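To keep things clear, I will list the structure first and then write my remarks on it.
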Amino acid sequence: MTKLRGQDLPDWLGKAEASTAPAIRSFARGLRQDLAAVTAGLSMSWNSGPVEGHVNRVKRLKRQMYSRASFDRLRHRILHA
């Protein structure tokens, strides 16, 4: 999604809830439960990409070190890498 058009979400949700596909209707109902957050996510230019990248790196390091080192060693490698 390259265009930030969160204001169009309510119209789309109306069409989705009128759909004959049960999965689409269920998805639309789920989005409606937190409409403000979903609209903000579709409208604002910032994202959590950098944070997700760090989380991915930490998980990769944890998998590499599984049963090979203590938590202190893992912590040191994450903080001082």
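Derivation of every value follows stated rules applied to the coordinates shown; laboratory data play no part. Everything quoted here is computed from the prediction, not taken from an experiment. Using ideal geometry, Cβ is built from the backbone for each residue, glycine included, and neighbour counts are taken over all protein chains shown.
Brief remarks on what is shown
- For segment 20-29, a residue qualifies if it is more than 15 Å from Pro10 (Cβ to Cβ) and small (Gly, Ala, Ser), and the qualifying residues are Ala21, Ala23, Ser26.
- Taken residue by residue, segment 37-47 has at least one member that is under 20 Å from the mean Cα position of the chain (by Cα) and within 26 Å of His80 (Cα to Cα).
- Output for segment 1-59, where each listed residue is surrounded by 11 or more Cβ atoms within 10 Å (Cβ to Cβ) and touching a residue at least 40 places away in the same chain (Cβ under 8 Å): Leu4, Leu42
- Among the criteria (1) touching a residue at least 40 places away in the same chain (Cβ under 8 Å); (2) touching a helix residue (DSSP H, G or I) at 6+ places or on another chain (Cβ under 6 Å), the one Met65 does not fulfil is (1).
- Selection within segment 34-48 - touching a helix residue (DSSP H, G or I) at 6+ places or on another chain (Cβ under 7 Å) and closer than 13 Å to Leu13 by Cα: Val38, Thr39
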